[in-house]
2 protein chains.
Amino acid sequence: MKAVGVIVEYNPFHNGHAYHLQAAKESAQANLVIAVMSGNFLQRGEPALVSKWYRTKMALLNGVDIVIELPYQFATQKAETFANGAISILDAIGCHSICFGSESGDIHSFLQTVNFLDSHKELFDENIKKNIKTGVSYPKALSLSFQSLSSTENLVGLDKPNNILGFHYLKALKHQKSSIVPLTVKRKNADYHDEHFATETIASATSIRKALFASNENNSPIEQYVPDATSRLLKEYLSDYGHFHEWENYWSYLRFRLLHSSPDELREIYEVEEGIEHRLIAAALDAVTFKEFMQKIKTKRYTWTRLQRICLHILTNTKKAEMKRSGDKAAYLRLLGMTGIGKEYLNKYKSQFTLPLISKLSAYKERDILLDIKASRIYAFGLGNQTREKLLNQEYKQPPIYVE
Amino acid sequence: MKAVGVIVEYNPFHNGHAYHLQAAKESAQANLVIAVMSGNFLQRGEPALVSKWYRTKMALLNGVDIVIELPYQFATQKAETFANGAISILDAIGCHSICFGSESGDIHSFLQTVNFLDSHKELFDENIKKNIKTGVSYPKALSLSFQSLSSTENLVGLDKPNNILGFHYLKALKHQKSSIVPLTVKRKNADYHDEHFATETIASATSIRKALFASNENNSPIEQYVPDATSRLLKEYLSDYGHFHEWENYWSYLRFRLLHSSPDELREIYEVEEGIEHRLIAAALDAVTFKEFMQKIKTKRYTWTRLQRICLHILTNTKKAEMKRSGDKAAYLRLLGMTGIGKEYLNKYKSQFTLPLISKLSAYKERDILLDIKASRIYAFGLGNQTREKLLNQEYKQPPIYVE
């Protein structure tokens with residue numbers, strides 16, 4: 001059996017994702033799709049709209065055969081770390097190829113870019129440092145440095161978010177000496193961060209979330225952009241848990257945390273650097289909403305995403321020491337769900353997996369997974385007092401989801 | 001001018017307190033009353049019903065002339081530490097006498113008890129240790145040890161809460177070599193912890209709070225037990241802030257704190273000992289309410305009060321190291337309010353006070369007071385998102401309350 005791997009967030013699963021899965025399976029000539037999916041918190045430092053279990057159901061009902069959780073230590077990080085974690089999982093579970101969506105759509109330009117930057121590493125890194133000193137953010141510095149390297153080769157544009165991710169997937173494959181074959185499909189219309197609907201059936205997850213919150217979590221304006229299963233599961237989540245998750249729901253907890261901690265304690269938190277702890281505490285005193293808080297702390301140097309990730313690590317109390325200990329490859333394969341074909345694949349190949357497969361949390365004792373458990377518990381605090389309970393204790397009770 | 005000191009919580013101020021003030025002033029033949037009052041959190045490890053500012057107003061409108069805050073580091077502690085802090089403040093501010101309510105009412109029996117126990121200290125301490133080994137709580141062990149010391153002298157019964165406090169006031173006076181004259185008045189009818197109304201006009205604060213919460217914070221059932229000013233201020237608090245403070249309002253924050261902390265971190269918190277951190281984390285997973293949580297963690301060894309204090313220090317993130325650093329005497333006199341006579345007294349004598357008088361928080365830089373500021377901010381989290389703001393920033397904005 002031949003498996004193609006995809007790296008996803010599905011926040012929520014939409015028609016563009018369905019198109020990507022189909023293209024991935026076809027171009028890889030695969031029998032099944034294995035998705036590495038972020039847990040309850042995402043790369044932009046945000047809570048997912050609905051829990052990882054609901055997003056797993058969406059995936060399995062729409063073409064994914066196996067869902068493995070991308071651990072918190074990778075899922076909530078910059079592209080390079082995110083990619084390293086995801087690739088290490090797809091490698092360990094025996095994927096033959098991976099397929100990612102990109103603005104470019106040309107896998108050769110990605111390969112050339114990785115090789116080109118590897119051979120110009122010193123100059124490139126120096127340029128980045130120089131640009132950072134002018135006060136811009138890291139992603140901006142990277143993009144500027146890249147532009148300044150003139151090359152006659154066919155390089156991929158590292159100013160687009162999915163190209164950047166794809167570039168890091170290929171870099172991770174190379175550096176991990178993985179034999180996985182990389183493939184890419186050109187994204188249809190919608191840009192990753194688009195806030196407006198682009199076509200009649202394809203829209204970015206960002207625009208879908210925006211429409212959901214703008215319509216008071218009423219599904220109807222997004223129905224044309226998502227499969228029926230997504231639509232139904234979103235409705236079910238609302239009726240089970242009361243509302244979707246967004247940062248505002250966590251603001252009073254983050255604020256509480258900031259106002260009872262000392263600057264020294266905050267400095268132990270991952271990504272809290274350069275004295276930002278003082279600015280965070282001062283802003284927390286006056287900001288009534290999370291949005292207000294973010295506006296108070298935003299500077300040119302820090303992207304919105306980076307600040308949200310800092311906030312998230314403070315919320316989950318994730319220390320520098322914990323993240324450092326974890327290393328840059330995953331330590332386990334946490335199974336969130338599977339289809340019939342997925343189950344067959346797991347039964348047939350699991351003895352060859354190079355990482356332990358965890359279907360039952362209580363059977364696994366490694367402390368790395370504590371970060372995921374903690375993150376899931378903290379995610380539950382985004383719900384009201386009444387609906388919190390089920391989610392709070394789900395980590396140990398929920399078996400992997402099975403869809404025939 | 002002759003000042004008599006009282007040590008109070010006023011949660012809320014009731015007729016029994018008015019009686020105590022009158023008796024104190026008379027028996028001390030004093031011109032004015034100085035109260036050392038706990039801030040927003042109290043000795044039993046609970047949030048006060050209403051903020052210290054409202055309780056200061058109640059005090060000033062009912063016979064107190066100066067209100068000084070008993071700092072968090074003393075107010076939320078066992079009787080001995082509580083007494084040491086309070087006495088050090090009354091001594092520093094020049095009180096001629098103190099007057100406390102007690103079940104005994106006989107100051108000589110208190111003096112004899114202090115002397116008797118000082119001279120039998122070794123035996124007494126040994127007895128306490130022996131009793132603790134049987135698995136009972138510290139207060140129980142103390143009471144049992146005391147009973148086992150046979151004496152022909154007139155000793156005070158150390159099985160009553162106000163006698164115990166009084167005993168510690170006298171012990172503190174002796175050990176601090178204070179020249180303050182101790183006086184006591186016999187409490188009228190109501191026992192400290194009584195949950196039921198005892199007479200037609202005097203009721204314990206516990207029974208008053210119980211009636212308030214039982215009647216959905218409607219004042220009418222308690223009006224006969226409190227002065228008009230209390231009644232009016234309680235109504236005003238409800239209309240300004242929405243509800244009274246109780247532990248349940250803080251439960252989701254305490255729970256959040258317990259579920260994102262490691263046992264190692266909790267062990268740094270003051271009073272977290274003997275591995276109780278593991279029991280706290282486990283109970284937090286399942287307890288939907290604070291009451292449920294307390295029932296899960298209660299054992300014979302730990303009194304309800306001690307457990308509440310542990311919870312409080314976790315909520316406010318108060319470390320062992322911070323409490324240790326503070327020492328057993330107060331470092332400042334934080335003025336919460338005064339009457340005209342109180343003002344006259346302060347102007348006349350403040351140059352002789354042995355501790356700095358703080359009327360404006362921003363003018364005082366000692367880090368000891370950070371505990372009080374933090375406690376006040378955390379207290380604000382017991383309110384809803386809308387009403388929290390005013391309280392959250394009151395510490396630096398509120399001048400001492402002045403009642404002519």
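The values are calculated or read from the model by the stated rules, or taken from the named source; none is laboratory data. Here the structure is a predicted model, which is why all the values come from computation and not from measurement. Cβ coordinates were reconstructed from backbone atoms using ideal geometry, including for glycine residues, and neighbour counts include every protein chain displayed.
Key figures for this structure:
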| item | result |
| --- | --- |
| Which listed residue, of A:19, A:54, is of a type in the set (Ser, Thr, Tyr), under 25 Å from residue A:361 (Cα atoms) and in a helix (DSSP H, G or I) | A:54 |
| Output for the stretch B:267-284, where each listed residue is touching a Leu at 6+ places or on another chain (Cβ under 7 Å) and within 14 Å of chain A (Cβ to nearest Cβ) | B:281, B:284 |
| Residues being within 18 Å of residue A:399 (Cβ to Cβ) and in contact (Cβ under 8 Å) with a residue 40 or more places away in the chain - total across the stretch A:358-369 | 2 |
| Scan of the stretch A:366-383 for residues that are at pLDDT below 90 and part of a loop (DSSP other than H, G, I, E, B), ordered by number | A:366 |
| Residues within the stretch A:29-58 that are of a type in the set (A, V, I, L, M) and closer than 21 Å to residue A:350 by Cα, tallied | 7 |
| Options B:337, B:382, B:342: the member that is within 14 Å of chain A (Cβ to nearest Cβ) and in contact with a strand residue (DSSP E or B) (Cβ under 6 Å, 6 or more places away or on another chain) | B:382 |
| Number of the condition not met by residue A:345 [criteria: (1) under 22 Å from the mean Cα position of the chain (by Cα); (2) not in a loop (DSSP other than H, G, I, E, B)] | (1) |
| Failed item, numbered, when residue A:372 is tested on (1) in contact with a strand residue (DSSP E or B) (Cβ under 8 Å, 6 or more places away or on another chain); (2) charged (D, E, K, R); (3) more than 14 Å from chain B (Cβ to nearest Cβ); (4) in contact (Cβ under 8 Å) with a residue 60 or more places away in the chain | (3) |
| Residue in the stretch A:132-141 that is within 27 Å of the chain's Cα centre (by Cα), farther than 16 Å from residue A:164 by Cβ and part of a helix (DSSP H, G or I) present | yes |
| Selected residue (criterion: modelled with the lowest pLDDT) from residues of the stretch B:391-404 that are in a helix (DSSP H, G or I) and loosely packed, with under 15 Cβ neighbours inside 10 Å | B:396 |
| Complete set of residues in the stretch B:227-266 that are among the acidic types (Asp, Glu) and more than 14 Å from chain A (Cβ to nearest Cβ) | B:228, B:236, B:240, B:246 |
| Per-region count, the stretch A:375-386, residues surrounded by 15 or more Cβ atoms within 10 Å (Cβ to Cβ) and either within 23 Å of residue A:357 (Cα to Cα) or in contact (Cβ under 8 Å) with a residue 40 or more places away in the chain (or both) | 8 |
| Residue identified as touching a strand residue (DSSP E or B) at 6+ places or on another chain (Cβ under 6 Å), surrounded by fewer than 19 Cβ atoms within 10 Å (Cβ to Cβ) and of a type outside the set (Phe, Trp, Tyr) among B:292, B:268 | B:268 |
| Yes/no for residue B:38 being among the small types (Gly, Ala, Ser), without any contact (Cβ under 8 Å) to a residue 40 or more places away in the chain and under 30 Å from residue B:302 (Cβ atoms) | yes |
| Qualifying residue in the stretch B:111-128 (condition: under 25 Å from the mean Cα position of the chain (by Cα), modelled with pLDDT of 90 or more and over 22 Å from residue B:74 (Cα atoms)) | yes |
| Complete set of residues in the stretch A:291-303 that are touching a residue at least 12 places away in the same chain (Cβ under 8 Å) and either within 25 Å of residue B:261 (Cβ to Cβ) or more than 14 Å from every other protein chain (Cβ to nearest Cβ) (or both) | A:293, A:294, A:296, A:297, A:300, A:301, A:302, A:303 |
| All positions within the stretch B:160-177 that are outside any helix (DSSP H, G or I) and in contact with a strand residue (DSSP E or B) (Cβ under 9 Å, 6 or more places away or on another chain) | B:160 |
| Residue in the stretch B:143-157 that is in contact with a Gly (Cβ under 9 Å, 6 or more places away or on another chain), within 27 Å of residue B:60 (Cα to Cα) and at pLDDT 85 or above present | no |
| Residue within the stretch A:126-138 that is in contact (Cβ under 8 Å) with a residue 12 or more places away in the chain, out of contact with any Leu (no Cβ under 9 Å at 6 or more places or on another chain), surrounded by fewer than 19 Cβ atoms within 10 Å (Cβ to Cβ) and within 23 Å of residue A:29 (Cα to Cα) present | no |
| Test for residue B:217: is it within 23 Å of the chain's Cα centre (by Cα), more than 30 Å from residue A:376 (Cα to Cα) and of a type in the set (Asp, Glu) | yes |
| Among residues of the stretch A:350-365, those that are over 17 Å from residue A:93 (Cβ atoms) and either part of a loop (DSSP other than H, G, I, E, B) or within 11 Å of chain B (Cβ to nearest Cβ) (or both), counted | 2 |
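Per-residue answers, yes or no, for (1) of a type outside the set (Lys, Arg); (2) farther than 26 Å from residue A:135 by Cα; (3) surrounded by 21 or more Cβ atoms within 10 Å (Cβ to Cβ):
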| residue | (1), (2), (3) |
| --- | --- |
| A:232 | no, yes, no |
| A:257 | no, yes, yes |
| A:311 | yes, no, yes |
| A:335 | yes, yes, yes |
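A quick yes/no check of all residues on (1) of a type in the set (A, V, I, L, M, F, W, C); (2) in contact (Cβ under 8 Å) with a residue 60 or more places away in the chain; (3) surrounded by fewer than 24 Cβ atoms within 10 Å (Cβ to Cβ); (4) part of a loop (DSSP other than H, G, I, E, B):
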site: B:86; (1), (2), (3), (4): yes, yes, no, no
site: B:94; (1), (2), (3), (4): no, yes, yes, yes
site: B:98; (1), (2), (3), (4): yes, yes, no, no
site: B:104; (1), (2), (3), (4): no, yes, yes, yes
site: B:113; (1), (2), (3), (4): no, no, no, no
site: B:117; (1), (2), (3), (4): yes, no, yes, no
site: B:124; (1), (2), (3), (4): yes, no, yes, no
site: B:144; (1), (2), (3), (4): yes, no, yes, no
site: B:158; (1), (2), (3), (4): yes, no, yes, yes
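Residues are listed down the side, and each one gets a yes or a no for (1) farther than 23 Å from residue A:67 by Cβ; (2) within 11 Å of chain B (Cβ to nearest Cβ); (3) in contact (Cβ under 8 Å) with a residue 24 or more places away in the chain:
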| residue | (1), (2), (3) |
| --- | --- |
| A:289 | yes, yes, yes |
| A:312 | no, no, yes |
| A:322 | yes, yes, yes |
| A:393 | no, yes, no |
| A:402 | no, no, yes |
